[in-house]
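Reading through the structure tokens given below for one structure.
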Amino acid sequence: MPDPRALLQERIAEMERRRAKVLAGGGPERVRAQHLQQRLTARERIDLLLDSGSFQEIGTLVEHQDVSLMRGVEAPGEGVVTGQGEIGGRRVFVFSQDFTVLGGSLGKMHARKIVKLMDLAARSGAPVIGLNDSAGARIQEGVDSLSGYGEVFYRNAIYSGAIPQISAILGPCAGGAVYSPALTDFVLMARGTSYMFITGPEVIRSVTREEVSFDALGGADVHSRRSGVAHLEAEGDAAVLGMIRELLSFLPQNARDRTPRKESEDPAERSCDQLLDLVSADPRRPYAMHQVLHNLLDDHHFFEIQPGWARNLLIGFGRLGGEAVGIVANNPAVLAGTLDIDASDKAARFVRTCDAFNIPLLTLVDVSGFLPGVAQEHGGIIRHGAKMLYAYAEATVPKITLILRKGYGGAYLAMNSADMGADLVYAWPTASVAVMGAEGAANIIYRREIASSPDPEATRERRIAEYRAEFDHPYLAAARGYIDDVIPPERSRSVLIRGFAMLAGKHEERPYRKHGNEPL
Ligand code: HXC
């Protein structure tokens, strides 16, 4: 019978040996290579992301399944670090893939570590943050690694809307390593060091003969400006991790929770005098919607999401009177603020994200319509625009709309109009609500009269002026109750804060259904 004390010492020494091996990851050479590429290691990232000293690791000693092609292969920590910690004093669950271990590729046990973490997060009602740096399915494990991805995707879907899921892309992510992030609420990318693609440049070259670089195929620029896959991008790992911390400050812990208040020195009654000069009554004079938002929000702070994609529509977070709000705003400086396919997708997804997480919605309207054009029609603007209509109608969070200038046609309805479920609609005196602008309207309904008139131009001008007098103001809509009040622009901040305070206890039941069938 061995001495129990000696046995214990031996076991502890073994534990420390194993732990040290895991902490070393893929070894100093691969760590150096990672650093040379301006990328941090999996553990360095966790340290930067979480409140200092709060990380508690889970599953440190997990090892890969010994399938034949993996026999004798070392994979410390199974290529992923998992655990929980705090951000701003609030609990989060984190997995961080280790590219220095088999390229961060996902084998069955790597997946099981992530799955365990996701299950714990869902049971505890706390966000999951994935720091992705992975070459996708581990080729050596064949169907087992596909099964691992299946388990992760399944949980991404079933926990969607229950707890926030955030994905940072911090290296070359391929295959399953991009589909899991795509199922989460927010995707952030590091500029110049991260890529997302289903198949890489080499496969593309052999199949389609297209020559394309990593960056041009799936860099942060592509996904933040063209594909809309990424929500935020920043220079380097540290900046991305900092953005995650700020993003989380606008989100609740789970679907039953509310985003914590953040007190501000900014007075609720602050007069927004600059708004008077910013937005003129002339619908052709451009202005910066960002400026309007900076004027309205607490501490002039707007945390914009997807700033580079579908720039004709702005989405993001801010605070009013200390409470988080999600903002959707037309941006007349781009495509005259019209709604196109991408803007519709952008708004619809964001509205659903806010609704899932109890974040009230503020909608700022200055929209002349959906973007006309063959490409838009053939691209399915009907299907995409419908997503936006659906998302707003479906949302049960407090919803306030402020019409600044134009609210025309279907786009007026899509931008959270009274009839689509807005709780309160305000308008500035510069607002105009109509089926379309006066010029277009007169040209259609008085076409014959204008054409047969001895002085067509004079007739056109007269008819346009008449139409303007009838519709080009907010008072007809206000008289019908489509607008709850016309307010002086400089009072907007205090009116909105009072409006959201009034709606704070809002609760809305919907008829029983398994789930709606939103257009996709
Ligand atoms: C196992 C892998 C691997 C993989 C790379 N490695 N990919 N090991 N499975 N999928 C290993 C390499 O052999 C290498 O090991 C180390 O990781 C680093 O890889 P490098 O190629 O040296 O790195 P780099 O030059 O930076 O290129 C990174 C890369 C490239 C662009 C990601 O490795 C690559 O294209 N990998 C294959 C990507 C892929 O096709 N994945 C499968 C997707 S299918 P050593 O020992 O030499 O350091 C998929 C299925 C799910 O994911 C789909 C669900 C929809």
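The values are calculated or read from the model by the stated rules, or taken from the named source; none is laboratory data. Because the structure is a prediction, the values reported are computed rather than measured. Methodologically, a virtual Cβ is constructed for each residue, glycine included, from the backbone with ideal geometry; neighbour enumeration extends over all protein chains shown. Areas reflect the complete protein model, heavy atoms only, side chains present, ligands, DNA and RNA absent. Shrake-Rupley method; radii C 1.70, N 1.55, O 1.52, S 1.80 Å.
Miscellaneous remarks
- For the stretch 57-91, a residue qualifies if it is over 18 Å from Arg112 (Cα atoms) and of a type outside the set (Asp, Glu), and the qualifying residues are Ser68, Leu69, Arg71, Gly72, Val73, Gly85, Ile87, Gly88, Gly89, Arg90, Arg91.
- Out of Gln34, Gln65, sole residue that is surrounded by 20 or more Cβ atoms within 10 Å (Cβ to Cβ), touching a residue at least 60 places away in the same chain (Cβ under 8 Å) and not aliphatic (A, V, I, L, M): Gln34
- Taking the stretch 12-41 as the range and being part of a loop (DSSP other than H, G, I, E, B) and either modelled with pLDDT under 95 or under 20 Å from Thr60 (Cβ atoms) (or both) as the test, the residues that pass are Ala24, Gly25, Gly26, Gly27, Leu40, Thr41.
- Applying the criterion of being free of Cβ contacts under 8 Å to residues at least 60 places away in the same chain and out of contact with any Cys (no Cβ under 7 Å at 6 or more places or on another chain) to the residues of the stretch 120-132, the residue that is surrounded by the fewest Cβ atoms within 10 Å (Cβ to Cβ) is Arg123.
- Residues satisfying the stated conditions in the stretch 358-397, i.e. part of a helix (DSSP H, G or I) and either among the basic types (Lys, Arg) or over 21 Å from Ala422 (Cα atoms) (or both): Val374, Ala375, Gln376, Glu377, His378, Ile381, Ile382, Arg383, Lys387
- Taking each residue of the stretch 321-338 that is of a type outside the set (Gly, Ala, Ser) and looking for partners that are surrounded by fewer than 20 Cβ atoms within 10 Å (Cβ to Cβ) with beta-carbon atoms closer than 7 Å, six or more apart or interchain, yields Glu323/Arg261; Asn331/Arg311; Pro332/Pro286; Pro332/Tyr287; Val334/Arg311.
- For Ala20: the one exception among (1) surrounded by 13 or more Cβ atoms within 10 Å (Cβ to Cβ); (2) free of Cβ contacts under 8 Å to residues at least 40 places away in the same chain: (1)
- Of all the numbered requirements in (1) open to solvent by 60 Å² or more (accessible area, probe 1.4 Å); (2) among the polar types (S, T, N, Q); (3) in contact with a strand residue (DSSP E or B) (Cβ under 9 Å, 6 or more places away or on another chain), Ser206 misses one, and that requirement is (3).
- Scanning the stretch 400-425 for residues that are in a helix (DSSP H, G or I), within 24 Å of Ile359 (Cα to Cα) and open to solvent by less than 60 Å² (accessible area, probe 1.4 Å) turns up Ala411, Tyr412, Ala414, Ala418, Met420.
- Residue in the stretch 475-485 that is among the hydrophobic types (A, V, I, L, M, F, W, C) and under 24 Å from Ala386 (Cβ atoms) present: yes
- Per the conditions (1) away from the ligand (no atom under 15 Å from the Cβ); (2) exposed (fewer than 14 other Cβ atoms within 10 Å of the Cβ); (3) not in a loop (DSSP other than H, G, I, E, B), the sole criterion not satisfied by Glu233 is (2).
- Residue count for the stretch 293-311, restricted to those that are under 21 Å from Ala427 (Cβ atoms) and touching a Leu at 6+ places or on another chain (Cβ under 6 Å): 1
- Residue within the stretch 108-119 that is open to solvent by 10 Å² or more (accessible area, probe 1.4 Å) and at positive phi present: no
- Filtered by the rule that a residue be over 23 Å from the mean Cα position of the chain (by Cα) and touching a residue at least 12 places away in the same chain (Cβ under 8 Å), the stretch 150-165 gives a lone residue, Glu151.
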